[in-house]
Amino acid sequence: MQQITSSGTPIGSPEDVFVGNTATKPNLALTSTATASSVYDNRYPSVNVNDGDLTTVWISKGELNPWIKLDWNSSQTINKITLYDRSNLTDWAPGGTLTFSDGSSVPVTGILNNGTGLDVTFANKNVTWVKFQVSGGSGTNVGFPELQVFNSGSPTPIPTPLYQQIIGQCGALTAMAMTTVQMDLMQPYMEMPHTTQLIKRKVLLHLA
């Protein structure tokens, strides 16, 4: 079946539909223990980097290229880390290297100097610790408000029979009506664990 615009004009063939969710995944850093190469003073301890609060910050003592490490008591499966640099414009950690307990490492570049988080994604790793070594730092006391660690999962394809059911029921409906049919049929999948928020659609519908 062809897709149609809200005016009923065919615009092409639909593609696969995927559902998935990263927004509801827990931040695994919250259950870790944070240690650092140095701490400026007791107002800015290493534990601030994994307390889930972007208003607190870990600050190193006179280091441009410090390191911060998160340890877990048991193995964790992870595939995404979000790094937040300090929001001031003086102290900046533009990049560095993530190393893991499994012996692997991931280079990091492009951390913004304004407190905006940078997502670093990679294939699943089963690890008990991760360490970030800053390189190219500038300022006087480089640090981080937060390191967040996730197992973001992966999109799950909706089964073909359901997809065909969606197509079969759409008929010559407008794109807006197609959206309603699609969402009704997808509801059971939206209610599956870890798929409650994000619906990724590869142009099943295209509203012109």
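The values are calculated or read from the model by the stated rules, or taken from the named source; none is laboratory data. Treat the numbers as computed from the prediction; the structure is a model and nothing was measured. Ideal geometry is used to build each Cβ from the backbone, glycine not excepted, and the neighbour counts take in all protein chains shown.
Quick notes on this one:
- Going through (1) surrounded by 15 or more Cβ atoms within 10 Å (Cβ to Cβ); (2) of a type in the set (Val, Ile, Thr); (3) more than 18 Å from residue 87 (Cα to Cα) one by one, residue 31 falls short only on (1).
- Residues within the stretch 96-134 that are under 19 Å from residue 35 (Cα atoms) and touching a residue at least 12 places away in the same chain (Cβ under 8 Å), tallied: 15
- Inter-residue pairs, beta-carbon under 6 Å, first of a type in the set (A, V, I, L, M) and in the stretch 20-31, second in a helix (DSSP H, G or I) and modelled with pLDDT of 95 or more, 6+ apart: 29/50
- Search result, residues across the stretch 49-68 that are under 10 Å from residue 146 (Cβ atoms) and either modelled with pLDDT under 95 or surrounded by fewer than 22 Cβ atoms within 10 Å (Cβ to Cβ) (or both): 51, 52, 53, 54, 55, 56
- Top-ranked residue of the stretch 55-74 - restricted to ones that are touching a Gly at 6+ places or on another chain (Cβ under 6 Å) and polar (S, T, N, Q), ranked as farthest from residue 100 (Cα to Cα): 60
- Check on residue 115, assigned by TED's automatic domain parsing to the domain that holds residue 56 and at pLDDT below 95: yes
- Within the stretch 77-103, if we keep just the residues that are modelled with pLDDT of 95 or more and of a type in the set (A, V, I, L, M, F, W, C), the residue that is surrounded by the most Cβ atoms within 10 Å (Cβ to Cβ) turns out to be 93.
- Residue in the stretch 123-133 that is modelled with pLDDT of 95 or more and over 20 Å from the mean Cα position of the chain (by Cα) present: yes
- Residue within the stretch 69-76 that is in contact with a strand residue (DSSP E or B) (Cβ under 7 Å, 6 or more places away or on another chain), surrounded by fewer than 16 Cβ atoms within 10 Å (Cβ to Cβ) and farther than 21 Å from residue 123 by Cβ present: yes
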